[in-house]
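**Student:** Please read through the structure below; I'll follow up with questions.
The values are calculated or read from the model by the stated rules, or taken from the named source; none is laboratory data. What you see is a predicted model; the values in this text were computed from it and never measured. Here the Cβ is made from the backbone with ideal geometry for all residues, glycine too, and neighbour counts use every protein chain on show. Heavy atoms of the whole protein, side chains included, go into the accessibility calculation; ligands, DNA and RNA do not. Shrake-Rupley method; radii C 1.70, N 1.55, O 1.52, S 1.80 Å.
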Amino acid sequence: MLMNFKDLGSYRRARVWLNEPPFEAYPARERVERAFPLINCACKKQCNLTVELVLAARMVSNYACIGITYFPSDSGELVVQAGIGSNDDEIIEHVIALQPEVVRCGIPKEYIVAMLDEIHTLSKDPAFLLPSGTIVIHTGAHGEVGLSPISFRQTMSVLLRLITLENKTPESVRETIVDELGRMS
């Protein structure tokens, strides 16, 4: 199911795909895996989620797209597995990034590191509910012009909130995205 949010305030936009990735997994140059012990966790049901965000409307946008598969477990930790893409992967059309942005398939290493840093920070926060289990990052894209580690940190934070969201209706997903982006501002 595709959910399209054209106005999230402050010129932000998003698309969310639930259980139907928008494009194929990107080719990984290498793989990384990291485990995070959790303070506040829940075991949710397996899902595929992809979040595409534009965080600013300027001549270039802060754009990020991350697609994951979540496999639940009651281990009390979150294991993240990610494929590292590169800066010269295939160009993707039909994205919500603003022109003159060029969007490329894959997530380069510096953005994988930013996402892992965000998960590490959130795993130490007892107020943040995280999913227990394994997340495999397999789909994603980055802007060539307006790239920013912050965009990937915020998109990962939104993804984690959506995994733990009980009822993923368009209204609840929109509210979760707006709340999480507001928290991070």
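**Student:** When the residues of segment 71-111 are filtered to those that are within 19 Å of Leu55 (Cβ to Cβ) and not in a loop (DSSP other than H, G, I, E, B), which remaining residue is most open to solvent (accessible area, probe 1.4 Å)?
**Tutor:** Only one residue fits best here, namely Glu110.
**Student:** Considering each residue of segment 4-26, count those that are under 16 Å from the mean Cα position of the chain (by Cα) and either closer than 24 Å to Ala82 by Cβ or acidic (Asp, Glu) (or both), and give that number. Reasoning before the result, please.
**Tutor:** Keep residues of segment 4-26 that are under 16 Å from the mean Cα position of the chain (by Cα), which gives 4-5, 12-26.
Those still in the list that are either closer than 24 Å to Ala82 by Cβ or acidic (Asp, Glu) (or both) too: 14-26.
Here the count works out to 13.
**Student:** Moving on. Mind checking which residues of segment 115-149 are farther than 11 Å from Ala82 by Cβ, of a type in the set (A, V, I, L, M, F, W, C) and touching a Lys or Arg at 6+ places or on another chain (Cβ under 7 Å)?
**Tutor:** Listed by number, the list holds a single entry, Ala141.
**Student:** Within the set of pairs 6 or more residues apart or between chains, which connect a residue that is more than 15 Å from Asp117 (Cβ to Cβ) inside segment 152-168 to a residue that is assigned to a helix (DSSP H, G or I) and open to solvent by less than 10 Å² (accessible area, probe 1.4 Å) with Cβ atoms less than 6 Å apart?
**Tutor:** Short answer, once both residue conditions are applied: Val158/Ile177; Val158/Glu180; Arg161/Glu180.
**Student:** I would also like to ask the following. Of all residues in segment 31-64, which are open to solvent by 90 Å² or more (accessible area, probe 1.4 Å) and of a type in the set (Asp, Glu)?
**Tutor:** Once the filter is applied, which keeps residues that are open to solvent by 90 Å² or more (accessible area, probe 1.4 Å) and of a type in the set (Asp, Glu), segment 31-64 yields only Glu33.
**Student:** Here's a check for you: in segment 1-38, which residue that is assigned to a loop (DSSP other than H, G, I, E, B) and touching a helix residue (DSSP H, G or I) at 6+ places or on another chain (Cβ under 7 Å) is farthest from Ala97 (Cα to Cα)? First the steps, then the outcome.
**Tutor:** Initial filter on segment 1-38 (assigned to a loop (DSSP other than H, G, I, E, B)): 1, 6-12, 19-29, 38.
With touching a helix residue (DSSP H, G or I) at 6+ places or on another chain (Cβ under 7 Å) added as a condition, the list becomes 8-9, 12, 38.
Details: Leu8: 14, Gly9: 16, Arg12: 10, Leu38: 34 Å.
Only one residue fits best here, namely Leu38.
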